[in-house]
1. Residues Glu76, Glu117: which one is at pLDDT 95 or above and either within 25 Å of Ser149 (Cα to Cα) or not acidic (Asp, Glu) (or both)?
2. Can you tell me which residue in segment 55-101 is nearest to Glu117 (Cα to Cα), limited to those that are surrounded by fewer than 17 Cβ atoms within 10 Å (Cβ to Cβ) and among the acidic types (Asp, Glu)?
3. Is it the case, given these coordinates, that Ala56 is touching a helix residue (DSSP H, G or I) at 6+ places or on another chain (Cβ under 8 Å), over 15 Å from Val88 (Cα atoms) and hydrophobic (A, V, I, L, M, F, W, C)?
4. Just the residues that are near the ligand (Cβ under 10 Å from one of its atoms) and part of a helix (DSSP H, G or I), please, taken from segment 203-226.
5. Would you mind finding the one in Arg39, Arg52, Arg25 that is of a type in the set (Lys, Arg), farther than 19 Å from Thr235 by Cα, within 15 Å of the ligand (Cβ to nearest atom) and open to solvent by 70 Å² or more (accessible area, probe 1.4 Å)?
Amino acid sequence: MTTRLTGTVALVTGASSGIGEATARALAAEGAAVALLARRGDRLEALAGELRAGGATALVQAVDITDPQQAAAAVERVAGELGRLDIVVNNAGLMLTGPVADAPADEWQRMLAVNVEGLLHVTRAALPHLVRAAAMAPRHVADLVTISSTAGRVARPGTAVYNLTKFGVNAFSEALRQEVLAQRVRVGVVEPGTVDTELASHVRAGIREAIARQTGEIEALRPADIADAVSYMVTRDRRVAVNEMLVRAGAQTW
Ligand code: NDP
């Protein structure tokens, strides 16, 4: 087994299911100590137990990242207890789609709160730790990876506010990339296509069926396919910065 991240600490938001859970597994398999963040502590504990049984170090932090105090305290606890912070994967997200005209305002608010504000709270708290880790062995580089979406590149009817959040995090990441590259913090986005996770289960009935009709014909990606992309990004030598990876399902047109 390769362990290219031995001696490092990785924090993954939204590690209680889907892409975040698979990413935590992949980074632990590369030797990173992993901090698992999400609201569902029981799911995080189950994953941590599995990772520890495999010899990994795993820290569970139940947290709602939309609360700036909670988010900052969670990041500080991880850096304090695990001693450093080399990799942050901003993965937690919500997709509550449907036409703008019919949308309940609270769905927009929840998406903005998690996909944008939560990401900002975690990033603000994590950056000083990433800068510090980037100056240290074993890697002399640190990574901030955001799970964006094909919806961060292509806007389509029915996903306007989700598009707004994902285009937004792409723009934020690109600006931040240029700000911190001199400190050897690599900033990147992974843009998945359709992945088989719980994401669409939160969508209103009716819209959910429309999504199923649209995606039913194609074989969806698996969470591990996206975890692979994250793992590839963060295991490059420090002279290499893979800043963007678009990973579609093979039969996906959009
Ligand atoms: P899941 O619904 O399986 O995972 C979402 C994760 O976000 C959960 O672990 C959830 O944990 C966490 N989360 C949600 N709200 C909060 C909160 N307030 N505080 C902390 N954690 C929170 O979906 P995916 O794995 O698919 O989604 C992960 C990312 O991938 C998202 O950013 C999504 O936009 C993106 N993506 C997904 C695609 C897909 O087709 N599945 C395609 C493109 C991008 P908990 O509920 O325990 O808090």
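The values are calculated or read from the model by the stated rules, or taken from the named source; none is laboratory data. Bear in mind that the values here come from a model prediction, so they are computed numbers and not experimental data. Every residue, glycine as well, gets a Cβ built from its backbone with ideal geometry; the counts of neighbours run over all protein chains shown. Each accessible area value is taken on the protein alone, full model and side chains, heavy atoms only, with ligands, DNA and RNA left out. Shrake-Rupley method; radii C 1.70, N 1.55, O 1.52, S 1.80 Å.
1. Working: Glu76 fails: either within 25 Å of Ser149 (Cα to Cα) or not acidic (Asp, Glu) (or both).
Exactly one of Glu76, Glu117 is at pLDDT 95 or above and either within 25 Å of Ser149 (Cα to Cα) or not acidic (Asp, Glu) (or both), namely Glu117.
2. My answer is Asp67.
3. Numbers: touching a helix residue (DSSP H, G or I) at 6+ places or on another chain (Cβ under 8 Å): yes; over 15 Å from Val88 (Cα atoms): yes; hydrophobic (A, V, I, L, M, F, W, C): yes.
Yes.
4. Once the filter is applied, which keeps residues that are near the ligand (Cβ under 10 Å from one of its atoms) and part of a helix (DSSP H, G or I), segment 203-226 yields Ile211, Thr215, Pro223, Ile226.
5. On the way: Arg52 fails: within 15 Å of the ligand (Cβ to nearest atom); Arg25 fails: farther than 19 Å from Thr235 by Cα.
Just one listed residue meets the conditions, Arg39.
Residues are listed down the side, and each one gets a yes or a no for (1) within 20 Å of the chain's Cα centre (by Cα); (2) closer than 28 Å to Asp106 by Cβ:
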{"site": "Leu164", "(1), (2)": "yes, yes"}
{"site": "Ala175", "(1), (2)": "yes, no"}
{"site": "Val187", "(1), (2)": "yes, no"}
{"site": "Gly193", "(1), (2)": "yes, yes"}
{"site": "His202", "(1), (2)": "yes, yes"}
{"site": "Ala210", "(1), (2)": "no, yes"}
{"site": "Ile218", "(1), (2)": "no, no"}
{"site": "Val240", "(1), (2)": "no, no"}
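For every residue, the table says whether it meets (1) open to solvent by 50 Å² or more (accessible area, probe 1.4 Å); (2) away from the ligand (no atom under 16 Å from the Cβ); (3) farther than 29 Å from Glu30 by Cα.
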site	(1), (2), (3)
Pro128	yes, yes, no
Asn163	no, no, yes
Phe167	yes, no, yes
Asn170	no, no, no
Ser201	yes, no, yes
